[in-house]
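*Asks:* Just passing along the structure, written as structure tokens.
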Amino acid sequence: NENGDGGRPGTISNPSLPPPIVEKIDVNPPKGTRDFPPEEMRFRTWLFNNFREVSRLFGFEEVDYPVLESEALYIRKAGEEIKDQLYGFEDRGNRRVALRPELTPSLARVVIQKGKSVALPIKWFAIGQCWRYERMTRGRRREHYQWNMDIIGVPEITAEAELISSIVTFFKRLGITSSDVGFKVSSRKLLQEVLQRYSVPEDLFSKVCVIIDKMEKIPMDEIKRELKLVGVSEDAIEQLLQVLTIKSLSELEEILGPSGDAVSDLKSLFLLADKFGYSDWIQFDASIVRGLAYYTGIVFEGFDRERKLRAICGGGRYDRLLSTFGGDDLPACGFGFGDAVIVELLKEKGLLPELSPQVENIVCSLDPELQGAASQVATILREKGQSVDLVLESKSLKWVFKRAARINAGRLILVGNSEWQKGMVVVKILDTGEQFDVKVDQLE
Ligand SMILES: Nc1ccc(Br)nc1
């Protein structure tokens, strides 16, 4: 290469000294975590830009919270997986803290903190990194980024309908259709109404939901055993499991009667879905409960119709979360949309975008004496809002053209002696090869 010393360009090696003896560090990121080098970061930026654009279309404001929170936000006694995998530790001040496993408790904390100083309804969105500590036996990730949208202060089902509409909008922006994905929708009030009929104490509700959410993942006997363990009677268990197999709202109405909230909420949601124009995206599925303890009403999850992937996203109503933190309850609903399954879906559907680096100009001097002039040209272009990759060392034209191609530069600006004497530079349009001498003060 140009350095003639056989090493990588830019490395400094002094042959007179022996190499330093250092233990080579592990250059990989910690287990379960990812680096985002440029190619991966371009995809992440593209994905997050779509999250942000949809949030903007729905009039939501962006928020964020510390990735480190008090562990107390996540200590719920409902046997959730998210609690088993909490990335918690004691800090140097002997405080129990945790890397956030989800964003909703932080939202609840800030809403309580702000109290009446924030107008309702709150419509906030966040894209935040969330963590879990899982034995690496399953080789699963320990961090992911989640897009959340939440509406606080709206008791009506219009809030859930709006949130589902925002996710449909997102899918459509990516080219995903209702033939590719759908939403299974139910209401936890369905379970609540059954439990009430069998006088199961209210405080078992969350635990029962968390157990039932494991239905697809563990054998039915285990589900029954765990339900019995928390104190649900055999009759109630039979009726619960029977209700979860209901396939239509009319059947649900037959069993629960027409006046219950579960039926009326779901009917409202399907009516609104029709008005929003996304009826073909949603279906009633009584078995959907979601695994978070705090949901109280409508719950939904996005799924791929080929059933090859895990749930794409999920959410629901959580009207009691604020009071579990000692605040005044406010009606609330929201969803979480992770950055992992969506990538698998886009791969499956051949919808991954082609994202290449982009820079408008590469500027280089043809003579080391003109490096300063090249810097001036770069500055002029940048002040006009043009992106510039400025060649910072004396390089051959062959090297410059190779780099220009790699970074996908639109133009090559050459600063040469004879032109510079006339206050000009050479501009080469790289995809057509056209070349012009341009006065520096007329560069644009
Ligand atoms: N809650 C949570 C956090 C991190 C990952 Br990866 N998955 C789920």
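Rule-based calculations on the coordinates, nothing more; no lab input. For clarity, every value in this text was computed on a predicted model and none was experimentally measured. Positions of Cβ are backbone-derived with ideal geometry, glycine not excepted, and every protein chain shown enters the neighbour counts.
*Asks:* Using a Cα-Cα cut-off of under 14 Å, which aspartates and glutamates could be cross-linked to Lys422, ignoring same-chain neighbours fewer than 8 residues away?
*Replies:* Asp437, Asp441
*Asks:* Measuring from label point to label point, each 7 Å out along Cα→Cβ, what is the Ser233 to Gln435 span in nm?
*Replies:* Spacing of the two 7 Å Cα→Cβ label points: 9.2 nm.
*Asks:* Now for a separate question. GluC sites (Glu not before Pro) within the range 279-362: which are DSSP loop residues with at most 16 other Cβ atoms inside 10 Å? Numbers along the way, then the final one.
*Replies:* Values: sites: Glu301, Glu306, Glu344, Glu348, Glu354, Glu360; in loops: Glu306, Glu354.
Passing both the DSSP loop test and the Cβ count: Glu306, Glu354.
*Asks:* At 7 Å along Cα-to-Cβ for each site, give me the label-to-label distance between Lys398 and Ser248 in nm.
*Replies:* 7.5
*Asks:* Hey, for a label at Glu444 modelled as a point 7 Å past Cα toward Cβ, could you say which residues of the range 371-407 have their backbone N under 16 Å away?
*Replies:* Inside the label zone: 380-387.
*Asks:* Here's something else I'd like to know. Stretch Glu202-Asn14 to full length: gain in nm at 0.36 nm per residue minus the Cα-Cα span? Don't skip to the answer; put the middle values down first.
*Replies:* Working: separation 188, 0.36 × 188 = 67.68 nm, distance 7.43 nm.
My answer for the length gained is 60.2 nm.
*Asks:* Divide by every residue of the chain the summed helix terms, -39500 (n - 2.57) for each DSSP H run of at least 4, and state the resulting mean residue ellipticity at 222 nm, rounded to the nearest 500 deg cm²/dmol. Don't jump to the answer; show the numbers that get you there.
*Replies:* Values: 15 runs with 153 residues, N = 444.
Estimated from H runs of four or more residues: -10000 deg cm²/dmol.
*Asks:* Next up: What aspartates and glutamates sit close enough to Lys116 to cross-link, taking a C-alpha to C-alpha distance under 19 Å and skipping anything fewer than 8 places away on the same chain?
*Replies:* Within the straight-line limit of under 19 Å, Lys116 reaches these aspartates and glutamates: Glu61, Asp150, Asp319, Asp328, Asp329.
*Asks:* On full extension of the chain, what length is gained from Ser179 through Ala340, given 0.36 nm per residue of separation minus the C-alpha to C-alpha distance? Present the calculation step by step, with values, prior to reporting the outcome.
*Replies:* On the way: separation 161, 0.36 × 161 = 57.96 nm, distance 2.04 nm.
That works out to 55.9 nm of additional length.
*Asks:* Continuing with this model, one more query. Which of the helices in the chain meet the span-like rule: DSSP H, Cα axial reach of 24 Å or more, Kyte-Doolittle mean at least -1.0? Display every interim value, and only then the final one.
*Replies:* On the way: long enough: 38-57 (28 Å, -0.87).
What comes out of the filter, once short or polar helices are dropped, is 38-57.
*Asks:* Then there's this: Remind me, relative contact order of the chain in percent, using alpha carbon pairs under 8 angstrom and six or more residues apart? Don't skip to the end; give the middle numbers.
*Replies:* Numbers: 680 pairs, mean separation 61.0, N = 444.
Relative CO of the chain lands at 14 percent.
*Asks:* Something else: Provide the three semi-axes, in whole Å and in decreasing order, of the ellipsoid equivalent to the range 166-222 as defined by the square roots of 5 times the Cα gyration tensor eigenvalues.
*Replies:* 33, 15, 9
*Asks:* Loop-only check: which trypsin sites (Lys or Arg not before Pro) in the range 73-104 are DSSP coil with at most 13 other Cβ within 10 angstrom? Intermediate results must be reported in sequence, preceding the final value.
*Replies:* Working: sites: Arg76, Lys77, Lys83, Arg92, Arg95, Arg96; in loops: Arg76, Lys77, Arg92, Arg95.
Answer by residue number: Lys77, Arg92, Arg95.
*Asks:* Here's a follow-up. Over 27 Å between C-alpha atoms is what I'm after, so list which of Lys77/Lys189; Lys224/Lys349; Lys83/Lys224; Lys184/Lys349; Lys31/Lys83 land there.
*Replies:* Lys224/Lys349
*Asks:* On to the next question. Projected onto the charge dipole of the chain (+1 at Lys/Arg Cβ, -1 at Asp/Glu Cβ, origin at the Cα centre), which of Ile342, Asn148, Gln85 gives the Cα projection farthest towards the positive end?
*Replies:* Toward the positive end, the furthest listed residue is Gln85.
*Asks:* Turning to a different aspect of this structure: Would you list the P(r) distribution for the chain, with all Cα-Cα distances sorted into 20 Å bins from 0 and each bin expressed as a whole %?
*Replies:* Over the chain, the share of Cα pairs per 20 Å bin runs 20, 42, 24, 12, 1 percent.
*Asks:* Looking at the range 262-309, which trypsin sites (Lys or Arg not before Pro) are in a loop (DSSP not H, G, I, E or B) and have at most 16 other Cβ atoms within 10 Å?
*Replies:* Values: sites: Lys267, Lys275, Arg290, Arg305, Arg307, Lys308; in loops: Arg290, Arg305, Arg307, Lys308.
Here the trypsin sites (Lys or Arg not before Pro) that fit, given the DSSP loop and packing criteria, are Arg305, Arg307, Lys308.
*Asks:* Please identify, among Lys395, Lys214, Lys347, the residue showing maximal mean-square fluctuation in a Gaussian network model of the chain using a 10 angstrom Cα cutoff.
*Replies:* Most flexible of the set in this elastic network: Lys395.
*Asks:* Given the options Lys349, Lys398, Lys428, which has the most mean-square fluctuation in a GNM of the chain, springs set between C-alpha atoms less than 10 angstrom apart?
*Replies:* For the chain, modelled as a Gaussian network with Cα springs under 10 Å, the answer is Lys398.
*Asks:* Now for a separate question. Roughly what would the spin-label model give for Ser323 and Leu271, points 7 Å off Cα along C-beta, in nm?
*Replies:* The modelled label-to-label distance comes out at 2.7 nm.
*Asks:* Treating cross-link reach as a plain straight distance, find the aspartates and glutamates whose alpha-carbon is under 15 Å from the alpha-carbon of Lys308, omitting any fewer than eight places away in the same chain.
*Replies:* In chain and number order, the partners are Asp180, Glu216, Glu344, Glu348.
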